[in-house]
Amino acid sequence: MSDVAEIGQRLELLEQQFATAERERDEYRRLYLEMLEKCRRLGRGLLGSKSEHLSKDSPQLSFYVLSMVLSDRQRAELEAALAEANAEQQIPAHVRRKPTGRKPIHLPRVEIEIIPPEIERAGLEAFDRIGQEVSEVIERRPASIVVARIIRPKFVPKDRKRDEPTEVFIAKPAEQPIPKGLAGPGILADTIVKRWQDHLPLNRLEDIYARGGIELARSTVCGWHGELSALAKPLVAAMRHDAFEQPYLCVDATGVLVQHPEKCRWGHFWVVVAPERHVLFEYTAEHSSDAVDEVLAGYRGYLVADAHAVYDHLYSTGSVVEVNCWAHARRYFFKALGSDPDRTKTALSLIGALFRIERTIADSPRKKGSVRKSVFLDGLR
């Protein structure tokens, strides 16, 4: 009986180990499939819109699917618009142009004349000059920083009388961007362009100016830019007013880490784009509805933004019209291809048709009652 009991105990232990192995196997399989799906989604996100459209090898599929959801009139308008799009997108045959040589360089010229040693030894008087050969190279003079010494002479009349107060004439001080500051307009503009346009940090600017012969601490340059911000406010306000007069704006926000004495905090930079007009930047400590109100205070019109909930309250009154991104919406239809291919292909075909028409009207003036507008409106109904 002892042997039978021992075998039973071992059998029970093996069954427990087998059950544990099965559970671990199922768990590892679940984790493997989950990681596989995450990798697939990551790859799709990195590829972006290139992988989220119907195959270009089967253009007839789009028309077949569209024919099932559009009326005869709508289908005719769509075919006419797409034919026009194809005609506008045709690339003419490439004709190789003959090389025209170097492009002219419109810069000041400095002439350097090279005399042969034999002529220098005998003297120019012993030779007749019969011509010359000219070649040009581009050179650069080292940048220089100078001290502008502003002198304001004082004058008094020659016919002044001794018993009367003497009037002294002197010019008013030159107006400077920073009153009583060390930096003039030229050096201030140079620091702004290098920092904000060329993206050079202040420590590099400090080294660059040191090589030029002047020591400018990064804290000094940063202080200059802080004082100059007041001068730029009227210009930014005018740009903002002009941007808000445009028919639509594009808005997006990006989170950034902001230094703090205790711990870095998240702030948010907002970019407001008035296409072909202005690009404005705003900063808020939070990404919230109040921050949206601060950035877009007073705007009325069409707003191109993502589908984040912080924008929803703007659309409730109708003064701001929501314009979302079809590329983002298309991604969800593409994900549903496996579960509902028929309806998904219909949606992808409609979105693809919109994109093809959009490429033809991106830079075109608005036309009332045009075929393109009619196709857009009818396709969205």
- Selection from segment 275-333 of residues assigned to a loop (DSSP other than H, G, I, E, B) and of a type in the set (V, I, T) yields T317
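In segment 139-148, is there at least one residue being in a loop (DSSP other than H, G, I, E, B), under 30 Å from Y311 (Cβ atoms), touching a residue at least 24 places away in the same chain (Cβ under 8 Å) and open to solvent by less than 100 Å² (accessible area, probe 1.4 Å)? I'd like the intermediate steps shown before the answer.
At the first step, the residues of segment 139-148 found to be in a loop (DSSP other than H, G, I, E, B) are 139-148.
Next, only the ones that are under 30 Å from Y311 (Cβ atoms) stay: none.
Taking every residue of segment 139-148 in turn, none turns out to be in a loop (DSSP other than H, G, I, E, B), under 30 Å from Y311 (Cβ atoms), touching a residue at least 24 places away in the same chain (Cβ under 8 Å) and open to solvent by less than 100 Å² (accessible area, probe 1.4 Å).
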- Message: Pairs needed: first member in segment 307-333, on the phi < 0 side of the Ramachandran plot; second member anywhere, at pLDDT below 85 and part of a helix (DSSP H, G or I); C-beta distance under 6 Å; at least 6 residues apart or different chains.
- Response: A327/S49
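What about K154, is it exposed (fewer than 10 other Cβ atoms within 10 Å of the Cβ) and under 30 Å from A183 (Cα atoms)?
Values: exposed (fewer than 10 other Cβ atoms within 10 Å of the Cβ): yes; under 30 Å from A183 (Cα atoms): yes.
It is true that K154 is exposed (fewer than 10 other Cβ atoms within 10 Å of the Cβ) and under 30 Å from A183 (Cα atoms).
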- Look through segment 197-207, keep the residues that are open to solvent by 50 Å² or more (accessible area, probe 1.4 Å) and assigned to a helix (DSSP H, G or I), and return whichever of them is nearest to G301 (Cα to Cα). Q197
- Considering P173, P108, which residue is surrounded by 10 or more Cβ atoms within 10 Å (Cβ to Cβ), modelled with pLDDT of 85 or more and in a loop (DSSP other than H, G, I, E, B)? P173
- Message: Suppose we keep only residues that are assigned to a loop (DSSP other than H, G, I, E, B) and hydrophobic (A, V, I, L, M, F, W, C) within segment 177-196. Which one would you say is modelled with the lowest pLDDT?
- Response: L182
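Per-residue answers, yes or no, for (1) under 30 Å from F334 (Cβ atoms); (2) at pLDDT below 80:
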site	(1), (2)
D3	no, yes
I7	no, no
L11	no, no
E15	no, no
D26	no, no
L31	yes, no
L36	yes, yes
R41	yes, yes
- Selection count where residues are open to solvent by less than 50 Å² (accessible area, probe 1.4 Å) and touching a Ser or Thr at 6+ places or on another chain (Cβ under 6 Å), scope segment 301-316: 1
- Task: May I ask you to list pairs of residues, at least six apart or on different chains, whose Cβ atoms are under 9 Å apart, with the first in segment 205-216 being of a type in the set (D, E, K, R) and the second being loosely packed, with under 10 Cβ neighbours inside 10 Å?
- Result: E206/E215
- Task: Test E215 against the criterion of being farther than 26 Å from E276 by Cα, in contact with a Lys or Arg (Cβ under 8 Å, 6 or more places away or on another chain) and acidic (D, E), and give yes or no.
- Result: no
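So how many residues does segment 303-328 have that are among the aromatic types (F, W, Y) and at pLDDT below 85? Spell out how you get there, then give the answer.
Initial filter on segment 303-328 (among the aromatic types (F, W, Y)): 311, 315, 326.
Within this subset, residues satisfying the condition of being at pLDDT below 85 are 326.
The number of residues fulfilling the criteria is 1.
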- Task: Give the residue, chosen from S219, S229, that is modelled with pLDDT under 90, out of contact with any Cys (no Cβ under 7 Å at 6 or more places or on another chain) and part of a helix (DSSP H, G or I).
- Result: S229
- Return a yes/no flag: does segment 317-336 have any residue that is of a type in the set (D, E, K, R), surrounded by 13 or more Cβ atoms within 10 Å (Cβ to Cβ), out of contact with any Lys or Arg (no Cβ under 7 Å at 6 or more places or on another chain) and over 22 Å from T254 (Cβ atoms). yes
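The values are calculated or read from the model by the stated rules, or taken from the named source; none is laboratory data. This structure is a prediction, so every number in the text was calculated from the model and none was measured. All Cβ positions, even for glycine, are placed from backbone atoms using ideal geometry, and neighbour counts span all protein chains on display. Calculation scope for accessible area: heavy atoms of the full protein, side chains included, ligands and nucleic acids excluded. Shrake-Rupley method; radii C 1.70, N 1.55, O 1.52, S 1.80 Å.
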